[in-house]
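**Q** Got a structure here, written out as structure tokens. Questions coming.
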Amino acid sequence: MFRSLFTALLGQEARKTTATLTEACCDDPDAAHALGALLVRVARADVADATAQLEALNQELDRIERLLLQLYGLSARDAAAMRATCEALEQRAPDTEIFTEMIRQGVDFDDRLQALEALWEQSLKEGGGDQSSRQRLTRVQSALGLTDADSVLARSQALEHV
């Protein structure tokens, strides 16, 4: 699915980039893996402080795993495997600007909105009214190419499930 987007955005560099992504994902990455990889990238950006980095990153990766379980109806084992694949995919993905553009072009609006809704639901269940949770959600919203109005809609829909 993303092979054609790589080619359109990166031209000849697409072959090299697609090959490394394929190594991470065993096949052409799909929308679910691309979204998961984006969440991993946002989580890694959130934990820039080296002293607390490992613990905070592990907490974020656990959160992503729970989100993948919820979004795609996976078992705990399958969600853990998918999260590990998404981590490998994220490490091999192009820079964030190109990667998020690929996701915006390759993932349907409804799927991106559903991912943001699930993040809101998870955040609200965890008492996520704090500033860092809102900042993380804003970064994901922006990376997914969603507006503030989209985020308000996703949050209101998430509140119905909390």
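**Q** Using mean Cβ contacts within 10 Å as the protection proxy, how do 55-64, 69-78, 109-118 order, highest first?
**A** Those peptides, ordered most packed to least, come out 109-118, 55-64, 69-78.
**Q** Sort 144-156, 88-100 by the packing proxy (mean of other Cβ within 10 Å over each peptide's residues), most packed first. Before the final figure, lay out the partial values.
**A** Details: 144-156: 15.8, 88-100: 17.6.
Per-residue mean Cβ counts within 10 Å order the peptides as 88-100, 144-156.
**Q** To continue, here is another question. Using a simple charge model, +1 on the beta-carbon of Lys and Arg, -1 on the beta-carbon of Asp and Glu, nothing else, what dipole does region 75-162 show about its Cα centre, in debye to the nearest 20?
**A** Here region 75-162 has a charge dipole of around 240 debye.
**Q** Determine the shape class of region 31-162: with a ≥ b ≥ c the square roots of the Cα gyration tensor eigenvalues, call it rounded for a/c under 1.5, and otherwise prolate if a/b is greater than b/c, oblate otherwise. It would help to have the intermediate numbers written out before the result.
**A** Details: a/c = 1.23, a/b = 1.11, b/c = 1.11.
Here region 31-162 falls in the rounded category.
**Q** Express the carbon and sulfur contribution to the solvent-accessible surface of region 100-162 as a percent, rounded to the nearest whole number, probe 1.4 angstrom.
**A** Carbon and sulfur together cover 47 percent of it.
The values are calculated or read from the model by the stated rules, or taken from the named source; none is laboratory data. Keep in mind that this is a model prediction, so the values were computed, not measured. A quick note on method: Cβ atoms are made from the backbone with ideal geometry, for glycine too, and the neighbour counts reach across all protein chains shown. Just the protein is used for accessible areas: all its heavy atoms, side chains included, with ligands, DNA and RNA removed. Shrake-Rupley method; radii C 1.70, N 1.55, O 1.52, S 1.80 Å.
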